[in-house]
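Worksheet: one structure, shown below.
The values are calculated or read from the model by the stated rules, or taken from the named source; none is laboratory data. What you are looking at is a predicted structure, and each value in this text was computed from that prediction instead of being measured. For neighbour counting, all protein chains shown are included, and Cβ atoms are generated from backbone atoms with ideal geometry for every residue, glycine included.
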Amino acid sequence: MFRSPFILAYVACALIVTCFCQSSADAQPMQTKASGSNCPPPGSARTAFMPALAAREHHQYVVYILMRAGQQFLVRYDPVNGQKTTLVRLDSDDYTVDARVSPDGEWILLKRSAYQGRQALQLVRIDGSYLQTLYCAPFISNFLLSPDQRYVVFDRSYENQRYNGISTYSIDLRTGTLRLVLRQTADQSGYEPLKWAGNHSLYMTESLTGIGGGGPFPLRDRFNLYLLRDVSLDQSRQATNLKLLLTTPDPCSCLDMDVTPDNASAITSTCTTTSDSQGTAQTGPARIQIQSLHGGSARVIYSLSNSAITYVRAISPTTLLFVVGNLRYTFDASSFTLDPRDEELNGLWTIRTDGTALTRISIAASGRSSDFPQFAYTAGDILSHDNQHYVVQNRTPGSRGIASSIVIGSLTPHGKQTTVETTQPSDQLHLIGWAETPPSRPIRSSYVRTSRPISRKRCYWAGATRWTCSA
């Protein structure tokens, strides 16, 4: 083969130019690689590396955390074939683990113990790759990823010995900027993220906390509703950045709250709890009410005299999904048992926001309660991305503790149910919600302009404001 130095030099230059043009033409990620699982320096955060999944067959998954036989895992379940995949192996003695699924369904935001009393906020893709640590600090809670997946907001409690309240922070995942956004002036209180109102705005609620040997714990459920206008503004703008939208009178231990997807109305549900030396009860009277966020008084759209409404979620601007969960526990010094009175209405229901079309979706088995994922305030946490199925966690109290199961069901009345996972009282089960791997869909042809000659590419929508382009 002819190996003229001139030819070799020409080929080398051509390869360099080709690589340069190719890299210039392709859309650039936030980083060039994942940061790894180690914590960033104290008081700082990292940018995120979030490459889109390659085009593939559309799949929906249920994500949950399982602690069994001295081991703990973050698990993905495929309803089509029943396959379970371990995404992350977790510390077996870490009881602080929690997670959220990203708005596009492709990423999981994970909280877990780090070291020296700190907790780590991490990202991992739904296929188990690109595990990366964004931030570490003690007592992290209530973390959410914005709809455009640019911001993470979270709370920190008990930051120092002088302040026992809750502070709210944001991380810009494009720049790694960490901001203190809100701090309640009163001790042992603070604001907690509820759900996103937009890419930069956030609904907040108020809460009270206490400090015990194990750290912060809630003294009272969420109450009052606020709008945080911009999570990119720091605490110095708090007076104008935070707006009170709704005052909730008579806070109770089973108040639940949501906002309709069109940001037009607040939905609240209440029930009644009683307790004495013989046991405790979660029962009626209970009600669901709706109030416009643009003014006007609240109106009750549904009420029960003898049963508890424990969860309510707006799954569309005009439809609510709620849980009736009447429970009575009796206990002695060593155990507790369930008293199955007044359980005939327990299960999942839907109702329109005008109070019509009340429909029973499922019937809870005797002695069981149904729970949505904790802090699940978006439809994707509860409903599959095609809006055809729900997922709940059922709990069955007994003399040895609580046995749990995760169940998928159809939104059609009395549709088929599929059990995803079951545990014994010695195990721990924590439902996270729905995830998905959406296929890339051809939307339109486009040209990607660079400083080099224009490269023609066909672009595909990859979900959540992202385009994937290929030659």
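Assorted remarks:
- Subset tally (residues that are over 18 Å from the mean Cα position of the chain (by Cα) and more than 20 Å from V75 (Cβ to Cβ)) for segment 116-131: 3
- The condition (being assigned to a strand (DSSP E or B) and at pLDDT 85 or above) is satisfied by just one residue among T350, T356, T337: T350.
Quick grid of which residues meet (1) of a type outside the set (S, T, N, Q); (2) modelled with pLDDT of 85 or more:
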| residue | (1), (2) |
| --- | --- |
| T248 | no, no |
| P251 | yes, no |
| A264 | yes, yes |
| T268 | no, yes |
| D276 | yes, no |
| A281 | yes, no |
| P285 | yes, yes |
| Q289 | no, yes |
| L293 | yes, yes |
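- Residues (among the charged types (D, E, K, R) and more than 21 Å from L320 (Cα to Cα)) located in segment 390-427: R395, R400, E421, D427
- Condition check for V101: among the hydrophobic types (A, V, I, L, M, F, W, C), in contact with a Gly (Cβ under 6 Å, 6 or more places away or on another chain) and crowded, with 21+ Cβ neighbours inside 10 Å: yes
- Every condition in (1) over 25 Å from P42 (Cβ atoms); (2) without any contact (Cβ under 8 Å) to a residue 12 or more places away in the chain holds for S92 except the one numbered (2).
- R313 vs. criteria modelled with pLDDT of 90 or more, under 23 Å from Q393 (Cα atoms), assigned to a strand (DSSP E or B) and over 24 Å from the mean Cα position of the chain (by Cα): no
- Residue that is modelled with pLDDT of 60 or more and either of a type in the set (G, A, S) or more than 26 Å from I108 (Cβ to Cβ) (or both), where the choices are S440, S366, S445: S366
- Residue list for segment 391-406, filter: within 15 Å of E421 (Cα to Cα) and either crowded, with 22+ Cβ neighbours inside 10 Å or polar (S, T, N, Q) (or both): V391, V392, Q393, N394, T396, S404, S405, I406
- Residue count for segment 63-77 satisfying the condition of being closer than 20 Å to G105 by Cα and modelled with pLDDT under 95: 0.
- Taken as a whole, the structure leaves Y10 outside the set of residues that are modelled with pLDDT of 95 or more and not in a loop (DSSP other than H, G, I, E, B).
- Selection within segment 369-402 - of a type in the set (S, T, N, Q) and either part of a loop (DSSP other than H, G, I, E, B) or modelled with pLDDT under 85 (or both): S369, S370, Q374, T378, S384, N387, Q388, T396, S399
- Members of segment 111-142 that are in a strand (DSSP E or B) and not polar (S, T, N, Q): K111, R112, A120, L121, L123, V124, R125, L134, Y135, C136, A137, I140
- Checking the stated criteria, T96 turns out to be β-branched (V, I, T) and at pLDDT below 90.
Matching residues to (1) without any contact (Cβ under 8 Å) to a residue 12 or more places away in the chain; (2) assigned to a strand (DSSP E or B); (3) touching a Lys or Arg at 6+ places or on another chain (Cβ under 6 Å); (4) closer than 17 Å to D354 by Cα:
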position: A266; (1), (2), (3), (4): no, yes, no, yes
position: S275; (1), (2), (3), (4): yes, yes, no, no
position: A286; (1), (2), (3), (4): no, yes, no, no
position: N306; (1), (2), (3), (4): no, no, no, no
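- Flag for A120 being of a type in the set (G, A, S) and closer than 18 Å to L383 by Cα: no
- Selection count where residues are in a loop (DSSP other than H, G, I, E, B) and among the β-branched types (V, I, T), scope segment 53-110: 3
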